[in-house]
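**Q** Could you have a look at this structure, given as structure tokens, before my questions?
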Amino acid sequence: QVQLVESGGGLVQAGGSLSLSCAVSGSIFRANVMGWYRQAPGKQRELVADITRGANTNYANSVKGRFTISRDNTKNTVYLQMNSLKPEDTAVYYCYAEVNLNNYWGQGTQVTVSS
């Protein structure tokens, strides 16, 4: 059974940094696209960033220049480094991975940025 195991997140002051990681377990296949979405209270889930197996990246305009997505294909793991955090970055962050033509989601991790 494929699972996405997230770690990281927490509470930080505005201007601070946090990092998230997400590992795919239970699959012999390498993930194709991996990424992060977020959902703030009362808002729709939105793409934060994603990355292909070939390391092509895509970012939401709101996080460009502040967040960096990366991955380790040997570990089937994706990372999100978040710098210069703002209160509007507060949300539950969900890891996403496409594995063998199926889409999988992590359980979500809370990121809270205080002003």
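**Q** Please enumerate the residues belonging to region 8-41 that are over 21 Å from ASN102 (Cβ atoms), modelled with pLDDT under 95 and open to solvent by 50 Å² or more (accessible area, probe 1.4 Å).
**A** Listed by number, the list holds a single entry, PRO41.
**Q** Could you tell me which residue of region 42-66 is least open to solvent (accessible area, probe 1.4 Å), considering only residues that are more than 11 Å from the chain's Cα centre (by Cα) and of a type in the set (Gly, Ala, Ser)?
**A** Out of the qualifying residues, it is ALA60.
**Q** Whether any residue in region 73-80 is closer than 21 Å to ALA14 by Cα, open to solvent by 20 Å² or more (accessible area, probe 1.4 Å) and outside any helix (DSSP H, G or I) is what I want to check.
**A** Yes: one or more hits.
**Q** Something else now. So ALA97 ticks every box in (1) farther than 18 Å from GLN1 by Cβ; (2) open to solvent by less than 70 Å² (accessible area, probe 1.4 Å) but one. Which box is left unticked?
**A** Unmet for ALA97, out of (1) farther than 18 Å from GLN1 by Cβ; (2) open to solvent by less than 70 Å² (accessible area, probe 1.4 Å): (1).
**Q** Now a separate question. Name the residue, out of VAL92, VAL48, VAL78, VAL99, that is of a type in the set (A, V, I, L, M), touching a Lys or Arg at 6+ places or on another chain (Cβ under 9 Å) and at pLDDT below 95. Working first, answer last.
**A** Numbers: VAL92 fails: at pLDDT below 95; VAL48 fails: at pLDDT below 95; VAL78 fails: at pLDDT below 95.
Sole residue among the options that is of a type in the set (A, V, I, L, M), touching a Lys or Arg at 6+ places or on another chain (Cβ under 9 Å) and at pLDDT below 95: VAL99.
The values are calculated or read from the model by the stated rules, or taken from the named source; none is laboratory data. This structure is a prediction, so every number in the text was calculated from the model and none was measured. Methodologically, a virtual Cβ is constructed for each residue, glycine included, from the backbone with ideal geometry; neighbour enumeration extends over all protein chains shown. In case anyone asks, the SASA skips ligands and DNA or RNA and just uses the protein heavy atoms, side chains included. Shrake-Rupley method; radii C 1.70, N 1.55, O 1.52, S 1.80 Å.
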